[in-house]
Amino acid sequence: MKKIGTAIIGIFVILLTLQAASAFAVKNPTFPSSNIQAGQQISGQLIIEFPSSGGLTFPMEDDLALFTDLTNPKWSAQIEVDGVTNPPMNLGRYPKIDGFYLSYPSKNTVKVIVGLEGQVPVDGVRPEISIVKIQQVDSSGTPRTTAGSQYFLNTTIIDTGDISTRVSRTESDLAGLSSTLDAQSALGVDVSAAKTKFNEAKAALDRAKSEIGSKNYQAATSSLNSAADLITQAGQELEKAMAKHDLDRAGQKVNEVGSLIDYFKTNRSMGSDARVVEIVSKYETASQLLSTARANFDRGEYSSARIGANQTSQKADEAYNLATSLRAEIGEGFSLGGMLPIVLGVVVVGVLIAVGYAVYRKKTKWDELG
């Protein structure tokens, strides 16, 4: 007998556990989910269904709590059992539906039709709100955490004032970027890639303006986000182009100094001259700076690459100024250069003629004496 009583108690505990774990499902919400503005009045409804679980449609000891972030909310609820709709329930600001009204044998079909209307908050501190939050809570009001015991319908509040501000800021950013592109293009920088991103950003801004005109604020926000991203990309492309331009110019200067050093060493045999040694030292420093700057460019570190390119140009300018001053000081001088083979040939021929003439004179002299 004792064993039978223990078994009955065990079954009762299991049933209570299963009942407490009962879940609900929300169907067909009609609340707006986009383009919601602060201060806007919205309304809608949804249907709560209770799949049979544990022998009952809903635990009798639990409640169904309804919440919203809307201001001045007005709730309505009607329970439908097997297709028969009961009279509307009287709900307050923070309504709860007692489990007693939802708990039926699992063979029954139970639904709750919930309606809500209210105003979107205008406090400006919550970019996202819960239009509807439904929780299954126990007798102490603690929310259940089992699967299917909670439902949230959230939305983002569109701030039209912020959108207008962003349009103005985007227009200003594009105007500034356009001026910079024109200025850099005049300096010889290839701004084609940056210009492409600029045009795409301008198209996104134009699209956002059109969407604002049709009050599609969510799409306008997305277009403004795209415009901001494209402006950032345009800036990155411009920085890359400017770095490449600076590196090319610095490389040209280094090559010019290298040509002057070759002149001093090859044409003037001044490789050991202290003045040339100083020029070579500055040239080697510039070459090393240029190599480092190019490595930074290859890694996408365009700002560092530009700094390195400018340092290279400064050092190359120092070497170039010394070299041009030295060349002016020593003058052009005489250089065999490419004429060396011809000159050597002339010298050889001259020597042969002189030797031949000497032999001829000597032979003639002996003939006169003989």
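Here are the numbers for the structure shown:
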item: Condition broken by TYR263, with the remaining ones in (1) assigned to a helix (DSSP H, G or I); (2) closer than 30 Å to ASN199 by Cβ satisfied; result: (2)
item: Residue within segment 183-197 that is in contact with a strand residue (DSSP E or B) (Cβ under 7 Å, 6 or more places away or on another chain) and either surrounded by 12 or more Cβ atoms within 10 Å (Cβ to Cβ) or in a strand (DSSP E or B) (or both) present; result: no
item: Segment 295-309: number of residues that are surrounded by fewer than 16 Cβ atoms within 10 Å (Cβ to Cβ) and assigned to a helix (DSSP H, G or I); result: 3
item: Top-ranked residue of segment 136-161 - restricted to ones that are of a type in the set (Gly, Ala, Ser) and modelled with pLDDT of 90 or more, ranked as nearest to SER43 (Cα to Cα); result: SER149
item: Segment 127-162, residues that are surrounded by 14 or more Cβ atoms within 10 Å (Cβ to Cβ), of a type in the set (A, V, I, L, M) and out of contact with any helix residue (DSSP H, G or I) (no Cβ under 7 Å at 6 or more places or on another chain); result: ILE129, ILE131, VAL132, ILE134, VAL137, LEU153, ILE157
item: The one condition in (1) of a type in the set (Gly, Ala, Ser); (2) part of a helix (DSSP H, G or I); (3) out of contact with any Leu (no Cβ under 7 Å at 6 or more places or on another chain); (4) outside the structural domain of ALA203 (by TED's automatic domain parsing) that GLY271 fails to fulfil; result: (2)
item: Single residue of GLU332, GLU318 found to be charged (D, E, K, R), modelled with pLDDT of 65 or more, within 18 Å of ILE261 (Cβ to Cβ) and exposed (fewer than 12 other Cβ atoms within 10 Å of the Cβ); result: GLU332
item: Qualifying residue in segment 296-309 (condition: free of Cβ contacts under 8 Å to residues at least 12 places away in the same chain, over 24 Å from VAL191 (Cα atoms) and not assigned by TED's automatic domain parsing to the domain that holds ASP190); result: no
item: Yes/no for SER210 being touching a helix residue (DSSP H, G or I) at 6+ places or on another chain (Cβ under 9 Å), among the small types (Gly, Ala, Ser), part of a helix (DSSP H, G or I) and under 14 Å from ASN35 (Cα atoms); result: no
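The values are calculated or read from the model by the stated rules, or taken from the named source; none is laboratory data. Here the structure is a predicted model, which means the values were calculated and not measured. Virtual Cβ from ideal backbone geometry, glycine too; neighbours counted across all protein chains shown.
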